[in-house]
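Q: Starting off with a structure, shown below.
The values are calculated or read from the model by the stated rules, or taken from the named source; none is laboratory data. Keep in mind that what you see is a predicted model, and the values were worked out from it rather than measured. All Cβ positions, even for glycine, are placed from backbone atoms using ideal geometry, and neighbour counts span all protein chains on display. Just so you know, the surface numbers come from the protein's heavy atoms only, side chains and all, with ligands and any DNA or RNA stripped out. Shrake-Rupley method; radii C 1.70, N 1.55, O 1.52, S 1.80 Å.
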Amino acid sequence: MTATVEMVHERVGIVITREDKPRYLAAQEVQYRAYKDPKRRTEARRQAVDYALTRALEPRSPITIDWATNEVFASEGGWTRQIATFTTEQYQIEQVPAVAA
(Lines give C-alpha, C1' and ligand atoms only; values in the text may rest on other atoms or scores of the structure.)
Protein backbone atom coordinates (compact mmCIF):
# COMPACT_ATOMS: atom_id res chain seq x y z
CA MET A 1 0.00 0.00 0.00
CA THR A 2 1.37 3.37 -1.00
CA ALA A 3 1.23 6.22 1.48
CA THR A 4 -0.67 9.27 0.30
CA VAL A 5 -0.99 12.90 1.37
CA GLU A 6 -3.76 15.38 0.75
CA MET A 7 -3.06 18.41 -1.43
CA VAL A 8 -5.37 21.42 -1.48
CA HIS A 9 -5.83 23.40 -4.68
CA GLU A 10 -7.00 27.03 -4.54
CA ARG A 11 -7.51 29.87 -6.98
CA VAL A 12 -6.22 33.25 -5.91
CA GLY A 13 -8.11 36.10 -7.54
CA ILE A 14 -6.18 39.37 -7.42
CA VAL A 15 -7.46 42.90 -8.05
CA ILE A 16 -4.41 45.05 -8.70
CA THR A 17 -4.93 48.71 -7.83
CA ARG A 18 -2.19 50.98 -9.08
CA GLU A 19 -2.64 54.73 -9.14
CA ASP A 20 -0.93 55.13 -12.50
CA LYS A 21 -3.00 52.41 -14.21
CA PRO A 22 -6.62 51.26 -14.20
CA ARG A 23 -7.50 48.32 -11.97
CA TYR A 24 -7.06 44.93 -13.50
CA LEU A 25 -7.47 41.32 -12.52
CA ALA A 26 -4.94 38.56 -12.22
CA ALA A 27 -5.38 34.96 -11.19
CA GLN A 28 -2.99 32.37 -9.87
CA GLU A 29 -3.53 28.76 -8.90
CA VAL A 30 -1.78 27.43 -5.83
CA GLN A 31 -1.50 24.11 -4.09
CA TYR A 32 -0.31 23.18 -0.64
CA ARG A 33 -0.27 20.19 1.65
CA ALA A 34 -3.38 19.68 3.79
CA TYR A 35 -1.73 19.14 7.15
CA LYS A 36 -3.94 17.82 9.94
CA ASP A 37 -2.55 20.45 12.34
CA PRO A 38 -4.50 23.68 11.66
CA LYS A 39 -1.47 25.91 12.32
CA ARG A 40 0.73 24.03 9.86
CA ARG A 41 -2.05 24.00 7.27
CA THR A 42 -2.61 27.76 7.65
CA GLU A 43 1.12 28.43 7.35
CA ALA A 44 1.38 26.26 4.22
CA ARG A 45 -1.60 28.12 2.69
CA ARG A 46 -0.14 31.52 3.52
CA GLN A 47 3.22 30.60 1.98
CA ALA A 48 1.54 29.45 -1.23
CA VAL A 49 -0.68 32.54 -1.47
CA ASP A 50 2.24 34.85 -0.60
CA TYR A 51 4.29 33.34 -3.43
CA ALA A 52 1.40 33.73 -5.91
CA LEU A 53 0.86 37.35 -4.92
CA THR A 54 4.57 38.15 -5.12
CA ARG A 55 4.73 36.70 -8.63
CA ALA A 56 1.61 38.56 -9.80
CA LEU A 57 2.76 41.89 -8.36
CA GLU A 58 6.37 41.86 -9.55
CA PRO A 59 8.45 44.07 -9.62
CA ARG A 60 6.89 45.52 -6.48
CA SER A 61 8.55 43.85 -3.57
CA PRO A 62 8.68 43.38 -0.74
CA ILE A 63 4.96 43.20 -0.15
CA THR A 64 3.04 43.09 3.10
CA ILE A 65 -0.17 41.07 3.33
CA ASP A 66 -2.95 41.89 5.77
CA TRP A 67 -4.51 38.44 6.20
CA ALA A 68 -7.51 39.80 8.12
CA THR A 69 -8.67 42.02 5.24
CA ASN A 70 -6.96 40.32 2.25
CA GLU A 71 -5.19 43.54 1.28
CA VAL A 72 -1.66 43.81 -0.09
CA PHE A 73 0.63 46.76 0.61
CA ALA A 74 3.99 47.90 -0.79
CA SER A 75 6.31 50.81 -0.14
CA GLU A 76 6.29 53.50 -2.83
CA GLY A 77 8.24 56.72 -2.56
CA GLY A 78 8.52 56.57 1.20
CA TRP A 79 4.82 55.73 1.66
CA THR A 80 3.15 52.40 2.23
CA ARG A 81 0.21 52.02 -0.14
CA GLN A 82 -2.38 49.40 -0.86
CA ILE A 83 -1.58 47.89 -4.25
CA ALA A 84 -4.02 44.96 -4.39
CA THR A 85 -6.75 42.95 -2.77
CA PHE A 86 -7.31 39.24 -3.20
CA THR A 87 -9.71 36.39 -2.62
CA THR A 88 -9.13 32.66 -2.46
CA GLU A 89 -11.38 29.82 -3.49
CA GLN A 90 -10.63 26.21 -2.68
CA TYR A 91 -11.72 23.99 -5.53
CA GLN A 92 -10.13 20.59 -4.94
CA ILE A 93 -8.53 18.34 -2.35
CA GLU A 94 -6.76 15.37 -3.84
CA GLN A 95 -4.84 12.36 -2.59
CA VAL A 96 -1.36 12.10 -4.07
CA PRO A 97 1.40 9.56 -3.42
CA ALA A 98 3.77 10.63 -0.67
CA VAL A 99 7.32 11.24 -1.85
CA ALA A 100 9.95 9.49 0.26
CA ALA A 101 12.36 12.00 1.79
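Q: Against the longest principal axis of the chain, how steep is helix 38-56, in degrees 0 to 90 to the nearest 10, with axes from Cα atoms?
A: So the inclination is approximately 50 degrees.
Q: Counting only protein heavy atoms and using a 1.4 Å probe, what share of the accessible area of the chain belongs to carbon plus sulfur, as a whole percent?
A: Heavy-atom surface of the chain belonging to carbon and sulfur, 1.4 Å probe: 50 percent.
Q: Still on this structure, I have one more. Nothing charged except the Cβ atoms of Lys and Arg (+1) and of Asp and Glu (-1): what's the magnitude of the dipole of the chain about its Cα centre? Round to the nearest 20 debye. If you can, show how the numbers build up before the last one.
A: Values: 14 positive and 14 negative charges, 23 e Å.
Charge dipole, the chain, about its Cα centre: 120 debye, nearest 20.
Q: Expected output is a single nm value to one decimal: the length gained when fully extending between TYR35 and THR17, i.e. 0.36 nm times separation in residues minus the C-alpha distance. What is it?
A: On the way: separation 18, 0.36 × 18 = 6.48 nm, distance 3.33 nm.
Additional length available on full extension: 3.2 nm.
Q: Now a separate question. Out of GLN82, VAL5, ILE65, whose Cα points farthest toward the positive end of the dipole of the chain (charges: +1 Lys, Arg; -1 Asp, Glu; placed on Cβ)?
A: Towards the positive end, the residue furthest out is VAL5.
Q: Extension gain ALA26-TYR51, at 0.36 nm per residue separation less the Cα-Cα distance, in nm?
A: Stretched fully, the ALA26-TYR51 segment lengthens by 7.6 nm.
Q: In addition: Mind giving me the nanometre distance, one decimal, between the label points for VAL96 and GLU43, set 7 Å out from Cα along Cα→Cβ?
A: Once both label points are built, they end up 2.0 nm from each other.
Q: For semi-axes √(5λ) of the Cα gyration tensor in Å, one of [x] 22, 14, 13; [y] 31, 13, 11; [z] 27, 26, 13 was computed from the structure I shared and the rest are decoys. Which label?
A: Identified label for the calculated read-out: [y].
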